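Participant: Structure provided below as structure tokens; questions to follow.
The values are calculated or read from the model by the stated rules, or taken from the named source; none is laboratory data. None of these values were measured; they are calculated from a predicted model. We place every Cβ from the backbone using ideal geometry, glycine too, and count neighbours over all the protein chains shown. Each accessible area value is taken on the protein alone, full model and side chains, heavy atoms only, with ligands, DNA and RNA left out. Shrake-Rupley method; radii C 1.70, N 1.55, O 1.52, S 1.80 Å.
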Amino acid sequence: MSRFRFVSSDRRVREDRRFVVGKGRFAADVMPSGTHHVALVTSPHPAARIVVDKRAALAMPGVAYVLDGRELAAATQPLAAGLDTPQVPRRPLAVDVARYAGEWVAAVVADTRARAEDAAEHVQVIYDPLPFVLDAEEALAPTSPPVHAEHGSNVLLDRTFVWGDVEGDFAASPHRLALRVKWGRSSTVPIETFGVVASWDPWRELLDVWASIQMPKFPDQLAAALRLPGSSVRVHNDVDVGGSYGVKRGIKHAVLVGYLSRRLGLPVRLIEDRLENMQGGDAHGPERLFDVEVAFDDAGVIRSLKMQALDNVGAYAGRSPFQLGKPVGAIVGPYRIASVQYRAIAVTTNKTVQEAVRAFGQSPTNYAIERTIDEVANRLGLDRLEVRRRNLIRRDEFPYTIPSGTTYDSGDYHAVIDKVLARTGYGELIEARDRLRADGRLAGLGIAACLEPSGGNSAFEPLLNPKNTTTTWMDSCRISVDLSGAITATMHTSSSGQGHETLVGTAIGEVLEVDPDRIRVVRPDSLESLPSNSPVGSRMAIMLGGAAFHAAHKLKAKLIAIAAHDLGIPPDRAIYREGGVCDAATPERRLGWPDLVTIAHRQFHRLPPDVEPGLSVSHVMQVPTGGTLPTADGRVQMYPCFSFEFHLVLLAIDPELGRTEIARYLVGHDCGTVINPKIVRGMTMGGIAHGIGAALYEEFAHDEHGQLVTQTFMDYVMPSSHEVPPVEIVHHATPSPHTVFGQKGSGESGYLGAPAAIASAVNDALRPLGISVNRTPIKMAWLSDLIAEVKARS
Amino acid sequence: MKPAPFEYSRPADVAEACATLAADDGARVIAGGQTLVPLMAMRVARPTRLVDIGRIADLAFVRQDDSAVAIGAVTRQCVIERHPLVAARLRLLAKVLPWVGHAATRARGTIGGSLANADPAAELSLVAVTLDATLSFRDAAQAAEIAAADFFTGAMTTALPATACLTAVRFPVWGGRIGTGFHEVNARRSDFAFAAAAAQLALDPDGTCRRLAIGVGAVTEIPVRLRRAEQALIGTHPSAASMRAAVHDSIGEVETASDLHASAAYRTRAAGALALRALIDAHEEAITCAPN
Amino acid sequence: MTLLDCLRDNLGLTGAHAGCEHGVCGACTILIDGVAVRACLMFAVQADGVAITTIEGLSPGPGELSVLQDAFCETHGLQCGYCTPAMILAAHALLAANPAPTRDDIVEAISGNICRCTGYAQIVEAIALAAERMRGANVPPETARGGSP
């Protein structure tokens, strides 16, 4: 019997209705009258001085304007950088120097996209190639050509944290192991590219913006770059975003069209085509080299961890280097490790800029941690699951503070594992693996135990940039009951499929004890909105759910106060039930919802003296456990809530072809109280699909000339329905003490553990051959070559 | 990704199509468009004029033609996939078609379009070479035929004159106890293949291999036959060992190349593995089947 | 212009979406004479005279969902909705040809449509659920309203 009325029940996601009939409103569907279209001119060189000659393009039919980087730079501020790197400015169009192949060097505006592309071919750019660097380790060397000459080197960030007695713990341990693993450059690549429409109204001095956006403080950053007050930028949040999973930051696109709209007095739109997106959009993600070292005892219990993460950021840096900082909040994963040394290095190279990706760096970090745990077990000849059990934080240790200062709120990792193994015995899976091996295939059982830090926080900002003292990370909800008694609630950001309207309806319905589907949820624009920080950091269930909950409680309290006053009873005798309030002493004395609405809206003479008329309330909420700056040695509470996932993957490899097949996939998932089961399951399955892609198929590859060789979907290969096997999900719930329903985040679930689990399975399959694989993606042909090489040697 | 500007013609018949092609250097034939349109979207292909032959009824057919099955160049792949004549007489083609692109591309794509496009990874090219098909074409001056072995000259290049239009492809039908096999490997099912192999085998009543064709595709610029393997096995009773040896001895002659997706060594290894699997499948099928 | 651009820009049928414009992602899928095709791989002029069904043609009436559309809502076979019209049309074409598809049939039928949100599980379940309901209701799937405006 659930303790909730609506929370956790299997309700439909109301947003689905408009999408199944094709009535979603995506950025490319917004077309104000007179809209003109942008096409981009991109650099073919990874590094070159540029001179742009737009005369021939300007003469082409339908062309309204051709914009170059110099003009745009003179009229706008550089885009906000996260780190303190003033000599690494970032702008939508290259200014005098192009720094990666695919960088935008000019923008053509025409009356159709086709004519803009025709004219883009006639923009003449003189390129004077410069030396370039592509590899992160090379970029680290002082002799490498700096991507930004004024910065002096390619190092954007190089910070080492030491938490606890790392050297002492290493000295005291009988064993140590070092491992290098590489996370290949991949991302979550939504099917909708980024698109933005901007329309400047000179009479109201107002820039209307519709964008396929998932970016905290987007209106503010846009206004700042355009040198406008925030009140002159109106971002419409009621644009449906066709998938984002972290990536759609869109700031350079928006500044570009915002400027053009003001300059031309026309609505201007940029809908990236796939080539623009893959080469120069927000499409790329972390590309990271990990060096991990652990100190452990004979039982495989790990005492200390050293990790160096070297990230190839690309030619500029926005928010993405912070993806090295967020994992600090779960740097030991779900394990009891006493001391940690963490060195985070971000370098520039002449590659496409890296943007945020689902989980903001946690998935690569989990991959590195899990590979290490497997190798510890292998070194000692112990079972990999048993070694995990010995290291996992136990239920009775929560709340548990890890060396970097973050406290994990709750969890019962062993129970999740037990539940999964109750579904299928571990021995059964080993036997199934061995049967596949007997059949002539390579086969392995992959294991991963990983955390999903959730709730969001921007503590990585002050952590990696002490000049940034941001500790506020908020979200909000407003509820109004109108004269008819209908309830309308607000949310103040765009969504990309997470079911936020359903979330808000459910939370409010739960508190007010009314049918959630009766609650309309709307999205005011940025000028009408209360503060929000976007659906990042797996935060919305916690923050938007929380804000809606608190706003609903304010409304409920107001209704109780009105009723108590009108009934002439003390408030503690007023019982709220399903929209009405009665006197506990004589329940037949009751004011129903319509009565209360009428008093609030029309009958001032019946209102309590200190209560505002009408029925509108709002709540602005700070992230739980947030609000403090890091200590001098970099300890900070990163995120408030920690979901857990445990993956078991049985995988077979055709030894000749290298083709992998997932024979069985089980995952145990604990995200606390599940608000909507359909939404959570969808997130986990989608995350696993992303993880399969990252582990086996997807990579943004460059050749030695700095050219992106994976420019289309023919080469950047994403899992289809054939590549994602059925997955058995087993649920467990350890509620969070920090949230209104005990919910934790689940927006990144599956993606956080799937790459680690698949890599673990491949390595287990290859172990009899004495090979290990320490990179992603593990591509079929490469795997086959590796196996053939070993067989040839023996 | 909008194509560069172009004109469009829809000729009523082949003669008109050829005349239009002859009149304009930059004109190109379009039928299904499944390979041409993406190239145009990326502005890699920039025809000045598209000559749409997709509705010329005379070019869409599947029919018995003596001891062969003739298929019109503009016949949709999905029609061939479902055609009873193909299922009965060209089992290899029927087996391969589900692997060509996706159902949505087979709904529009034509056999002639795929052959003329000559993508190294195209399955239909492989089948044409394996079965020694004959391609017919016309241009303003002539109607001619060319053997598949001579048609494909390089990656995305054929012997088809620039002003010509493919009209039909003719697949010889083998008699006797036939078996077929087809395997391909790709990053994902229905992607461009990294390696593909097709085999067709005919057995005499006593189990002797009377006729054999093994082709490998996607690993070289044009599909190739493993003729050495064929010669080694024709006239013998193939065994698991002899089939393995024949393929192994023959595959080294196939000159593969490395690219982003796979090394040359991989292509050779995969081609050999797939060729053997296709051959074994064909042999097993021939043993169990009734004569054609 | 491509059929996709014509549908979206000239006819205001924005349910078909551009995902790659080179024929891989399938987000542009529509039905031509009941068969699923990629609208980005056809020029509008090539579609002269054919019967086109877009997602807008599947609802029985304003505010109403077809059995298939409702099934997608029941299983939550979508999240962002961008690939959804295409998925539904591919499913519609499948069920018109095969009213009792196996799981493998369903997986194959949607294998040309990439989804980055759902991992496909709830999509496959939606199609299986719709098939089951339609078999039970004895209504041929091809009577769903079609045609261009």
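Participant: Any idea of the accessible area per residue across region B:177-288, 1.4 Å probe, to the nearest Å²?
Facilitator: So region B:177-288 comes to 38 Å² accessible per residue, rounded to a whole number.
Participant: Which whole number gives the average count of other chain Cβ atoms within 10 Å of the Cβ atoms across peptide A:269-279?
Facilitator: 3
Participant: Also, quick follow-up: Residues of region A:474-621: accessible area per residue at 1.4 Å, in Å²?
Facilitator: I get 38 Å² per residue for region A:474-621.
Participant: At 7 Å along Cα-to-Cβ for each site, give me the label-to-label distance between B:Ile287 and B:Val44 in nm.
Facilitator: According to this spin-label approximation, the distance is 4.4 nm.
Participant: Here is a follow-up. In percent, how large is the relative contact order of chain A, given Cα pairs closer than 8 Å and 6 or more residues apart?
Facilitator: Reported as a whole number, the value is 15 percent.
Participant: Compute the Rg to Rh ratio over region B:52-91 from the alpha carbon atoms, using the Kirkwood formula for Rh, and round to two decimal places.
Facilitator: Over the Cα atoms of region B:52-91, Rg/Rh equals 0.98.
Participant: Based on the Cα gyration tensor of region A:413-472, what are the three equivalent ellipsoid semi-axes, each the root of five times an eigenvalue, rounded to whole Å and given largest first?
Facilitator: In descending order, the three semi-axes are 44, 16, 6 Å.
Participant: Rg to Rh ratio, region A:659-762, alpha-carbon atoms and Kirkwood radius?
Facilitator: Computed over Cα atoms, the ratio is 1.08.
Participant: Mind checking C:44-54 for the average number of partner chain beta-carbons within 10 Å of each residue's beta-carbon?
Facilitator: Partner-chain Cβ atoms within 10 Å, mean over residues of C:44-54: 2.
Participant: Please give the net charge around A:Ile126, taking every other residue with its beta carbon less than 10 angstrom from that of A:Ile126, where Lys and Arg add +1 and Asp and Glu add -1.
Facilitator: Taking every other residue near A:Ile126 into account, the sum is -1.
Participant: If you don't mind, another one. Along the charge dipole of the protein assembly as shown, Cβ charges K/R +1 and D/E -1, which of C:Thr118, A:Ala107, A:Gln87 sits furthest on the positive end?
Facilitator: Of the options given, the answer is C:Thr118.
Participant: Using a simple charge model, +1 on the beta-carbon of Lys and Arg, -1 on the beta-carbon of Asp and Glu, nothing else, what dipole does the protein assembly as shown show about its Cα centre, in debye to the nearest 20?
Facilitator: Result for the protein assembly as shown is approximately 1300 debye, rounded to the nearest 20.
Participant: Could you check the simple spin-label distance between A:Asp84 and B:Ala159, using points 7 Å along Cα→Cβ, in nm with one decimal?
Facilitator: Placing both labels 7 Å beyond Cα along the Cβ direction yields 7.3 nm.
Participant: What is the distance, in nm, between label points placed 7 Å from the Cα along the Cα-to-Cβ direction at B:Ala22 and at B:Glu255?
Facilitator: 3.7 nm
Participant: To continue, here is another question. Output needed: percent of Cα pairs per 10 Å distance bin for region C:56-106, bins running from 0 to the one holding the longest distance.
Facilitator: The calculated distribution, bin by bin, is 22, 58, 19, 1.
Participant: Once the Cα atoms of region A:146-285 are picked out, what are the Rg and Dmax in Å?
Facilitator: My reading of the Cα-based Rg and Dmax gives 21.5, 74 Å.
Participant: Using the Kirkwood radius over C-alpha pairs as Rh, can you work out the diffusion coefficient of chain B via Stokes-Einstein at 10 °C, viscosity 1.306 mPa s, in µm² per second?
Facilitator: Using the Kirkwood radius from Cα pairs, D works out to 82 µm²/s.
Participant: Amide H neighbours of A:Gly446 under 5 Å, counting only residues 5+ apart in sequence or on other chains, H built in-plane at 1.01 Å?
Facilitator: Result for A:Gly446 returns A:Val649, A:Leu650, A:Leu651, A:Ala761.
Participant: With r as the distance between the Cβ atoms of A:Thr407 and A:Thr598 and R0 = 51 Å, compute the FRET efficiency 1/(1 + (r/R0)^6) and round to 0.05.
Facilitator: With R0 = 51 Å, the Cβ-Cβ based efficiency is 0.60.
Participant: With the Cα gyration tensor of region B:60-172 in hand, convert its eigenvalues to equivalent ellipsoid semi-axes via √(5λ) and list them largest first in whole Å.
Facilitator: Semi-axes (√(5λ), whole Å): 20, 16, 13.
Participant: Could you do me a favour and compute the accessible area per residue for chain C, 1.4 Å probe, result in Å²?
Facilitator: With all protein chains present, chain C gives 32 Å² per residue.
Participant: Excluding residues fewer than 8 places away in the same chain, name every one of the lysines whose C-alpha is closer than 29 Å to that of A:Lys54.
Facilitator: Once the sequence-local lysines are set aside, what remains near A:Lys54 is A:Lys252, A:Lys351, B:Lys2.
Participant: Okay, next question. For region A:441-493, run through the trypsin sites (Lys or Arg not before Pro) and keep only the ones in DSSP coil with at most 11 other Cβ atoms within 10 Å of their Cβ.
Facilitator: Counting only loop positions with at most 11 other Cβ atoms within 10 Å, the trypsin sites (Lys or Arg not before Pro) in region A:441-493 are A:Lys467.
Participant: Once Rh is set to the Kirkwood radius over Cα pairs, what Stokes-Einstein translational diffusion coefficient, in µm²/s, holds for region A:477-561 at a temperature of 37 °C and a viscosity of 0.692 mPa s?
Facilitator: For the chosen part, D equals 254 µm²/s.
Participant: Could you check how many percent of all C-alpha pairs in region A:523-590 are farther apart than 13 Å?
Facilitator: For region A:523-590, the share of Cα pairs beyond 13 Å comes to 70 percent.
Participant: Restricting to Cα atoms and excluding each atom paired with itself, what does the Kirkwood estimate give for region A:572-671 in Å?
Facilitator: When all Cα pairs of region A:572-671 are included, the Kirkwood radius is 20.8 Å.
Participant: Let me ask another. Could you tell me the relative contact order of chain B? Use alpha-carbon pairs under 8 Å, at least six residues apart, and round to a whole percent.
Facilitator: Normalised by residue count, the contact order of chain B is 16 percent.
Participant: Hey, what did region A:474-621 get for relative contact order, percent, Cα under 8 Å, at least 6 apart?
Facilitator: So the answer I get is 31 percent.
Participant: Which value, in nm² and rounded to one decimal, describes the direction-averaged projected area of the C-alpha convex hull of the protein assembly as shown?
Facilitator: Approximately 50.0 nm², given one-decimal rounding.
Participant: Quick one: Debye curve from the C-alpha atoms of region B:7-52, no solvent, what's log10 I(q)/I(0) at q = 0.29 Å⁻¹?
Facilitator: -1.06
Participant: Tell me which GluC sites (Glu not before Pro) from region A:690-794 have a DSSP coil assignment and no more than 15 other beta carbons within 10 Å of their own.
Facilitator: Sparse-neighbourhood loop GluC sites (Glu not before Pro): A:Glu704.
Participant: Sticking with this structure for a sec: With a 1.4 Å probe and every protein chain left in place, tell me how much accessible area A:Lys744 has, in Å² to the nearest 10.
Facilitator: Taking all protein chains as shown, A:Lys744 has close to 10 Å².
Participant: Let me ask you something else. Local charge sum around A:Arg234 (other residues, Cβ-Cβ under 10 Å, Lys/Arg +1, Asp/Glu -1)?
Facilitator: Once all neighbours under 10 Å are counted, the net charge is -3.
Participant: Normalized C-alpha radius of gyration of region C:3-57, against 2.2 N^0.38 Å?
Facilitator: 0.98
Participant: Percent of alpha carbon pairs in region B:196-239 separated by more than 14 Å?
Facilitator: Tail of the P(r) past 14 Å holds 48 percent of the pairs.
Participant: Which Rg and Dmax, in Å, describe the Cα atoms of region A:8-164?
Facilitator: Reported Rg and Dmax, both Å: 21.4, 67.
Participant: With the calculation restricted to Cα positions, what are the radius of gyration and Dmax of region A:474-621 in angstrom?
Facilitator: Looking at region A:474-621, its Cα Rg and Dmax stand at 15.9, 49 Å.
Participant: Hey, can you rank A:631-644, B:197-210, B:242-255 by average C-beta count inside 10 Å, highest first?
Facilitator: So the order, starting with the most tightly packed, is A:631-644, B:197-210, B:242-255.
Participant: May I ask you to derive the FRET efficiency for B:Ser239 and A:Leu380 from their Cβ-Cβ distance with R0 = 56 Å, giving the value to the nearest 0.05?
Facilitator: E(calc), rounded to 0.05, equals 0.75.
Participant: Measuring from the lowest to the highest alpha carbon on each principal axis, how far does chain C reach, largest first, in angstroms?
Facilitator: Here the spans come out as 41, 30, 27 Å, largest first.
Participant: Quick one: length gained pulling A:Gln77 to A:His705 fully straight, 0.36 nm per residue minus the C-alpha distance?
Facilitator: 222.9 nm
Participant: Beyond 23 Å between alpha-carbons counts as too far, so tell me which of A:Lys419/A:Lys779; A:Lys419/A:Lys744; A:Lys182/A:Lys779; A:Lys744/A:Lys779; A:Lys217/A:Lys678 fall in that bin.
Facilitator: A:Lys419/A:Lys779; A:Lys744/A:Lys779; A:Lys217/A:Lys678, as the Cα separations exceed 23 Å there.
Participant: I would also like to ask the following. Calculate how large, on average over all directions, the projected area of the Cα convex hull of region B:177-288 is; give the answer in nm² to one decimal.
Facilitator: Average of the hull's projected areas for region B:177-288 equals 6.5 nm².
Participant: Grab the Cα-Cα distance for A:Arg775 and A:Lys467, subtract it from 0.36 nm times how many residues apart they are, and report the gain in nm with one decimal.
Facilitator: 107.4 nm
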